[in-house]
1. What number, in nm² with one decimal, is the all-direction average of the projected area of the convex hull of the alpha-carbon atoms of segment 89-221?
2. Report, for the chain, the % of DSSP beta bridges that are antiparallel, rounded to 5.
3. Could you work out which residue, out of 53, 126, 165, moves most in a Gaussian network model of the chain, that is, has the largest mean-square fluctuation with Cα springs under 10 Å?
4. Count the net charge of all other residues whose Cβ sits under 14 Å from the Cβ of residue 166, scoring Lys and Arg as +1 and Asp and Glu as -1.
5. So between residue 22 and residue 158, what do we pick up on full extension, going 0.36 nm a residue minus the alpha carbon distance?
6. Within straight cross-link reach of residue 146, meaning Cα distance under 22 Å, which lysines are found once same-chain residues fewer than 8 apart are removed?
7. Computed FRET efficiency, Cβ-Cβ of residue 219 and residue 65, R0 30 Å: what is it to the nearest 0.05?
8. Starting from 0.36 nm per residue, how many nanometres of slack lie between residue 2 and residue 96 once their C-alpha separation is accounted for?
Amino acid sequence: MKFGVARFPGSNCDQDAYYAIKDVLGQPVEYLWHQEADLKGADVVVIPGGFSFGDYLRCGAIARFAPVMEAVQEHAAKGGIVIGICNGFQILCESRLLPGALIRNDGQKFVCKHVSLRVENTNTVFTRNAKPDQILSIPVAHGEGKYVCDDQLHDQLQANGQILFRYASDDENPNGSIDNIAGIMNTGGNVFGMMPHPERACDKALGSADGLVLLGSLLNGRS
């Protein structure tokens with residue numbers, strides 16, 4: 001399985017994602033420059049965290065217009081797998097590849113720490129290595145990570161099993177996201193976004209290797 005990691009001006013988690021894929025998972029991976037509409041044959045596209053284009057206007061609002069995102073949208077429309085992490089989640093929401101929006105944290109401060117996540121749905125390509133209700137320790141690092149949506153969309157996400165991760169409790173919720181939502185997928189089950197950083201939890205030396213539950217799920221049963 002080949003991976004592609006998008007790079008925008010201001011990305012700062014692209015190298016973490018590259019390392020996790022190449023050196024931990026042992027999979028081929030290439031960087032995808034934002035100005036090029038070429039995914040270089042990637043089966044899985046990762047939109048990494050950081051501050052794309054300095055977060056001007058709002059997070060992800062400029063990156064959504066990058067040529068690489070046109071290719072990502074085409075890839076997703078064909079059923080290709082896409083993962084957005086932190087700023088990548090924001091970009092996917094701005095690109096309408098995922099529903100809802102991410103706004104300023106309730107505390108109006110940047111939060112950087114490990115949090116506990118609960119796995120809500122294991123019947124997906126992103127979570128099939130997880131156990132139902134499994135608790136994972138994954139770090140967050142964001143200032144605009146509060147997931148919001150209207151009641152109708154929330155009911156849809158819940159009914160369709162699109163909520164893959166929640167912060168394990170109100171106390172673990174670092175941003176005030178509705179219903180403690182930490183990660184969702186699209187109705188097609190091939191596009192996923194989350195605020196916590198699994199690529200920063202792929203080695204016990206980093207404080208947790210729980211991110212491999214998610215990253216390793218992508219390889220289960222795939223060539």
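1. Working: hull surface 30.3 nm².
Averaged projected area of segment 89-221's Cα convex hull equals 7.6 nm².
2. Approximately 60 percent, going by the DSSP bridge assignments.
3. Looking only at 53, 126, 165, the largest GNM fluctuation is found for 53.
4. Values: positive: 118, 146; negative: 120, 133, 170, 171, 172, 179.
Once all neighbours under 14 Å are counted, the net charge is -4.
5. Values: separation 136, 0.36 × 136 = 48.96 nm, distance 3.40 nm.
Extending this stretch completely gives an extra 45.6 nm.
6. Residue 146 reaches 109, 113.
7. Numbers: r = 32 Å, r/R0 = 1.07.
The value I calculate is 0.40.
8. On the way: separation 94, 0.36 × 94 = 33.84 nm, distance 2.45 nm.
Extra length from residue 2 to residue 96 when fully extended: 31.4 nm.
Coordinate-derived values only; no laboratory data. Computed from a predicted model, the values in this text were never measured in an experiment. Counting neighbours? That spans all protein chains shown, and the Cβs are built from the backbone with ideal geometry, glycine included.
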